[in-house]
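Colleague: One structure is given below, represented as structure tokens, and several questions about it will come after.
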Amino acid sequence: MTETRWVGKEVKRIDAEDKVRGTLKYMGDLSFPNMIYGAVLRSKYPHALIKKIDTTQAKELEGVVAVLTHEDVPGLNGFGISIPDQPVLCGDKVRYMGDAVALVGAETKEIAEQALELIEVEYEPLPVVDDPEEALLDTSPLIHESGNVHNHVKIQRGDVEKAFKEAAVVVENTYYTPRQMHAFLEPEAGVATIDEDKNITIYCGGQHPYRDQLQVARALGMNPRKIRIVNSPSGGAFGGKDEITLQIYLALLTLHTGRPAKIVLSREESVVAGMKRHPMKVQIKTAAAADGTILANQVRVVSDTGAYASLGGPVIGFAVEHSCGPYRVDNVNLEGLCVYTNNGVAGAFRGFGANQVTFAMETQMDMIAEKLGIDRLEIRKKNALRHGDIGPLGHKMTASVGLMRTLEAAEKSGLWQMREELKANPSAPYKKRGIGIACSFQGCGLGRGLPDYGAARIELLPNGQFVVGLSCPEIGQGNTTAFTQIAADAIGCHIDDVIVIVGDTARTPDSGTSTASRSIYTGGNSIQRAAEELRKAIAPVAAEALGVPEDDISFEYGKVVAKSCKDKTLTFRDLADHAASKGLSLKGEGHFIWPVADADVGYIGIPHLLYSYATQIALVEVNTLTGETEVLQALSVLDPGKAINPQGIEAQSEGGVVMGMGYALTEDIIIEKGLFQTKNFSTYILPTSLDMPCEIETIIAEELEPSGPFGAKGIGEITCVPISPAITNAIHDATGVWIKHIPATAERVYTALKEAKCKEDS
């Protein structure tokens, strides 16, 4: 079915009203009769041996129902998406301040917290490794017996040294990026229940219910089928709930007590125990010809994954893949090291390693343009990847490539065309304005070498409506609304006749994870295939009801008709009634497997076949007396393939800009010697409504992807990637100073201005 009545339209989000009214129940809002409250005892040290755990006093406290340690974990005492190297409850060693040592269940939250203080743990402190470069030394203390390097990626192609010798300009720098917090609307929270047959249901925000199910089952030593995971709705995730958060702890409490159990982390505990964006050191050397052609790129990235792997390995691979930007580079020497330290835990985060290297590469592009006297936008157009090009990792760009489309739209925008006029009128004599531009691409899906699949189920209900089931959770990105639009057009019915269920292992097939900008592409393709199977199931039933041969059946909007006689029709409600009279259930299930890139570089997850593209522009004003930077305007030009819901893309765009702005200017979790100095939002500076640009313009530059549902690709991540270097490049445009260490706090910018002035005076 090619007719689209809903895809491409600005459809109001299905969950909008409940969210705006505050009536939507997130997992932290759920309560059940006879429920206990859980609390986790976390390590006092960033690195130490555990010599003894004494829970006697805690167990004797009135109101305490259970006190659990590593001895009470019935299955594997470990979890982790890549490798299960993080203990559920530590028994012999702690490796960061958030490590869980004991678990308490009590009649009230206050009693549970009181019980934590009564648990006596004897520690033997160990040397702390807080510098990833130090962790690489042979003399460094080992955080894991396997060594301090979790993953090492090396990609070489062409002749880098020859290119450097022949280049007109070579730019070499070292860049540093911060440890960013996901800052969910709802912190880690959930409830677990258990029935008479010891079937456990866990209501907890997450991004892959079936993987959560397997990790919980492994830790409990149970059949996964006896565990139900409900992940939706979630008050934001951004990758931070892709890993296990509280699911296993909730399951342990309800399994040991036979009662519902609830845990809600405070924001302070979330800061310490939750996942973060990987801080990275990016050393990069880039060569260019006199006409601006990028000849070579040499990159070394060191990523601090903290105490445990989580998704640190795939993140460093992704960073290496994106370290040359969305440009043609024939000669590359790329290296990435994912390193263990005692600095908390880093994992998946919106952009997945692209943010860090894009900041570096896009700064390099501006530096090269300046040295060669070439326009900043023109040098990006000159090197932009196009369809059929060979990417930096040696794979052919066979899918849609929309970078040029985004650049051309950005060039025509008012913000770029009027840049000199906008820069010329600062709000005070001591303030300076600048405009910056940056580009990026974002690999969609899990990449080469990983199982990446989708599934969807559609069933015709007795009332003539259709229920669509996919496991990809709704994490605030609006995929439920987009799925509804795709399903309505794939089935050929009114959007109000579609009910979408997501994020529930008991009610949906396994559709994979809501990560990697994959939900719409995977889910949409699965829905289309399910609709095809549903029509196959409907055809013989409709033919029998209408008294015509099966090959005479056709589908029109809202009904089934006989091609030979248009007067013979059945509405979907009529069809449902007829099926019910025959005791039939009409349903279809569709399955989809991601296509992969043609080149195998020897590392799981890279390269990707499919990418989304973006060009972003920022107008900033810098206070030269204080170093404070204000983002006045921002432009996002995005290539999502087909825009399923333009309104949803605009929302993603605006949220991404603000997240990238925080990353560029203010956000950083400070850890010293393994000790968290940043403990709450009082010192972790998030952009607020007062910091928002007065205008965030979004331009959708559609480059249809033939393999996508109605031509769609993913867009969730890239909206926050190039805006950070666009902001720092704008700071340079305003002041002449280059920012190589973000966040570009007022102190850092002021120091750079002062150093530049001293250099000028000398």
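Colleague: For region 124-139, which residues satisfy the criterion of being out of contact with any Ser or Thr (no Cβ under 8 Å at 6 or more places or on another chain) and either outside any helix (DSSP H, G or I) or of a type in the set (S, T, N, Q) (or both)?
Modeller: Going through region 124-139, the residues out of contact with any Ser or Thr (no Cβ under 8 Å at 6 or more places or on another chain) turn out to be 124-128, 133, 136-139.
Matches in region 124-139: Glu124, Pro125, Leu126, Pro127, Val128, Leu136, Leu137, Asp138, Thr139.
Colleague: Any idea which of Ile685, Ile727 is surrounded by 24 or more Cβ atoms within 10 Å (Cβ to Cβ) and of a type in the set (Val, Ile, Thr)? Talk me through it step by step, then tell me what you get.
Modeller: Values: Ile685 fails: surrounded by 24 or more Cβ atoms within 10 Å (Cβ to Cβ).
Within the list Ile685, Ile727, the selection yields Ile727.
Colleague: Is it the case that Ala348 is surrounded by fewer than 22 Cβ atoms within 10 Å (Cβ to Cβ) and either closer than 30 Å to Leu137 by Cβ or small (Gly, Ala, Ser) (or both)? Spell out the reasoning first.
Modeller: Details: surrounded by fewer than 22 Cβ atoms within 10 Å (Cβ to Cβ): no; either closer than 30 Å to Leu137 by Cβ or small (Gly, Ala, Ser) (or both): yes.
Answer is no for this residue.
Colleague: To continue, here is another question. Within region 223-254, can you find the residues that are under 13 Å from Pro209 (Cβ atoms), touching a Ser or Thr at 6+ places or on another chain (Cβ under 6 Å) and crowded, with 23+ Cβ neighbours inside 10 Å?
Modeller: Hits for region 223-254 are Ile229, Asp242.
Colleague: Which fully enclosed strands (runs of 3 or more DSSP E) of region 1-117 have 3 or more residues being at pLDDT 95 or above and in contact with a helix residue (DSSP H, G or I) (Cβ under 6 Å, 6 or more places away or on another chain)? Break it down into steps so the answer makes sense when it comes.
Modeller: Details: elements: 36-42, 48-54, 64-68, 100-106.
Where strands (runs of 3 or more DSSP E) fall fully within region 1-117 and carry at least 3 residues being at pLDDT 95 or above and in contact with a helix residue (DSSP H, G or I) (Cβ under 6 Å, 6 or more places away or on another chain), they are 36-42, 64-68, 100-106.
Colleague: Looking at Leu142, Leu185 in this structure, which one is modelled with pLDDT under 95 and under 32 Å from the mean Cα position of the chain (by Cα)? I'd like the intermediate steps shown before the answer.
Modeller: Numbers: Leu142 fails: modelled with pLDDT under 95.
The match here is Leu185.
Colleague: Something else about it: List every residue pair whose Cβ atoms sit under 6 Å apart, with the two residues 6 or more apart in sequence or on different chains, where the first one lies in region 225-249 and is assigned by TED's automatic domain parsing to the domain that holds Ala261 and the second, anywhere, is basic (Lys, Arg) and modelled with pLDDT of 95 or more.
Modeller: Close Cβ pairs (under 6 Å, with a partner that is basic (Lys, Arg) and modelled with pLDDT of 95 or more) amount to Phe238/Arg350; Gly239/Arg350.
Colleague: Take the residues of region 413-471 that are of a type in the set (Val, Ile, Thr) and closer than 22 Å to Pro709 by Cα: which is surrounded by the fewest Cβ atoms within 10 Å (Cβ to Cβ)? Can you show your working first?
Modeller: So the first thing to find is which residues in region 413-471 are of a type in the set (Val, Ile, Thr), and the list is 435, 437, 458, 467-468.
Within this subset, residues satisfying the condition of being closer than 22 Å to Pro709 by Cα are 458, 467-468.
On the way: Ile458: 29, Val467: 16, Val468: 27.
Going through the qualifying residues, I end up with Val467.
Colleague: For region 530-563, enumerate the residues that are of a type in the set (Gly, Ala, Ser), free of Cβ contacts under 8 Å to residues at least 60 places away in the same chain and surrounded by 12 or more Cβ atoms within 10 Å (Cβ to Cβ). Before the answer, list the steps.
Modeller: Start the filter on region 530-563 by keeping residues that are of a type in the set (Gly, Ala, Ser), which leaves 530-531, 537, 539, 542-543, 545, 547, 554, 558, 562.
Now drop any that are not free of Cβ contacts under 8 Å to residues at least 60 places away in the same chain, which leaves 537, 539, 542-543, 545, 547, 554, 562.
Within region 530-563, Ala537, Ala539, Ala542, Ala543, Ala545, Ser554, Ala562 meet the criteria.
Colleague: Would you mind stating whether Ala409 is buried (at least 17 other Cβ atoms within 10 Å of the Cβ) and part of a helix (DSSP H, G or I)?
Modeller: On the way: buried (at least 17 other Cβ atoms within 10 Å of the Cβ): yes; part of a helix (DSSP H, G or I): yes.
Judged against the criteria, Ala409 is a match.
Colleague: Does at least one position in region 565-576 carry a residue that is crowded, with 20+ Cβ neighbours inside 10 Å, in contact (Cβ under 8 Å) with a residue 12 or more places away in the chain and part of a loop (DSSP other than H, G, I, E, B)?
Modeller: no
Colleague: Does Thr484 fit the bill of being crowded, with 19+ Cβ neighbours inside 10 Å and assigned to a loop (DSSP other than H, G, I, E, B)?
Modeller: On the way: crowded, with 19+ Cβ neighbours inside 10 Å: yes; assigned to a loop (DSSP other than H, G, I, E, B): no.
So Thr484 fails the test.
Colleague: In region 244-340, which helices (runs of 4 or more DSSP H) lie fully inside it and hold 2 or more residues that are modelled with pLDDT under 95? Give the steps one after another, and end with the answer.
Modeller: Values: elements: 247-257, 267-273, 312-321.
In region 244-340, there are no helices (runs of 4 or more DSSP H) which contain 2 or more residues that are modelled with pLDDT under 95.
The values are calculated or read from the model by the stated rules, or taken from the named source; none is laboratory data. Only a predicted model underlies this, so the values are computations on that prediction, with no experimental measurement involved. For neighbour counting, all protein chains shown are included, and Cβ atoms are generated from backbone atoms with ideal geometry for every residue, glycine included.
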